[in-house]
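Below is one structure, written out as structure tokens, with a few remarks after it.
The values are calculated or read from the model by the stated rules, or taken from the named source; none is laboratory data. It should be emphasised that the depicted structure is a prediction, and the values quoted were computed from it without experimental measurement. Because the Cβ atoms are built from the backbone with ideal geometry, glycine has one as well, and the counts that use them run over all protein chains shown.
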Amino acid sequence: MGAVEEGPRRLQVGQYACPHCRLPQDHVATLDQDWVLLEPGVEVPAHLVPAEHRWITLSDGRVTVYGVCPPDGAQRCRIEHRLACARQPLPDLWPWLTALRGENARAAERRSDPEQPRPREVWPDAG
């Protein structure tokens, strides 16, 4: 029988320990009446984060996903701890890039005799 994963453990008001790495995280209510663990003290420019992973803080303290594309250049957002947790696998943030990497891997395997890299020609020093 597999181990049962426990949930976050409360440390203090508004802060819980990640069940994977045990580091303290901000436990924040979402607009959808749910909760999310956010990386504490980290706010990054929204354009650096995929739309479905941008969390913005509302005036009442709750957070919601900021899916505006393209985002306002000045907008900053928070990220879920699972994106920064060293003990959790990184989710597929850019599906198109993952698909391209997979296709490149298959293309490399299909090549029966990959072309060997040619040595660079060395030009004499003209100076």
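Filtered by the rule that a residue be under 18 Å from the mean Cα position of the chain (by Cα) and modelled with pLDDT of 90 or more, segment 58-82 gives Val63, Thr64, Val65, Tyr66, Gln75, Arg76, Cys77, Arg78, Ile79, Glu80, His81, Arg82. Within segment 23-34, being out of contact with any helix residue (DSSP H, G or I) (no Cβ under 9 Å at 6 or more places or on another chain) and crowded, with 16+ Cβ neighbours inside 10 Å holds for Pro24, His27, Val28. Picking from Leu37, Leu11, which residue would you name as being surrounded by 10 or more Cβ atoms within 10 Å (Cβ to Cβ), touching a strand residue (DSSP E or B) at 6+ places or on another chain (Cβ under 9 Å), of a type in the set (A, V, I, L, M) and modelled with pLDDT under 90? That would be Leu11, the only listed residue that is surrounded by 10 or more Cβ atoms within 10 Å (Cβ to Cβ), touching a strand residue (DSSP E or B) at 6+ places or on another chain (Cβ under 9 Å), of a type in the set (A, V, I, L, M) and modelled with pLDDT under 90.
Taking the criterion of being of a type outside the set (Phe, Trp, Tyr), touching a helix residue (DSSP H, G or I) at 6+ places or on another chain (Cβ under 9 Å) and either free of Cβ contacts under 8 Å to residues at least 40 places away in the same chain or surrounded by fewer than 16 Cβ atoms within 10 Å (Cβ to Cβ) (or both), the residues of segment 53-73 that qualify are Arg54, Ile56, Val65, Gly67, Val68, Cys69, Pro70, Pro71, Asp72, Gly73. Working only within segment 84-98, note down all residues that are part of a loop (DSSP other than H, G, I, E, B) and either in contact with a Ser or Thr (Cβ under 6 Å, 6 or more places away or on another chain) or under 17 Å from Gln25 (Cα atoms) (or both). Result: Cys85, Ala86, Arg87, Gln88, Asp92.
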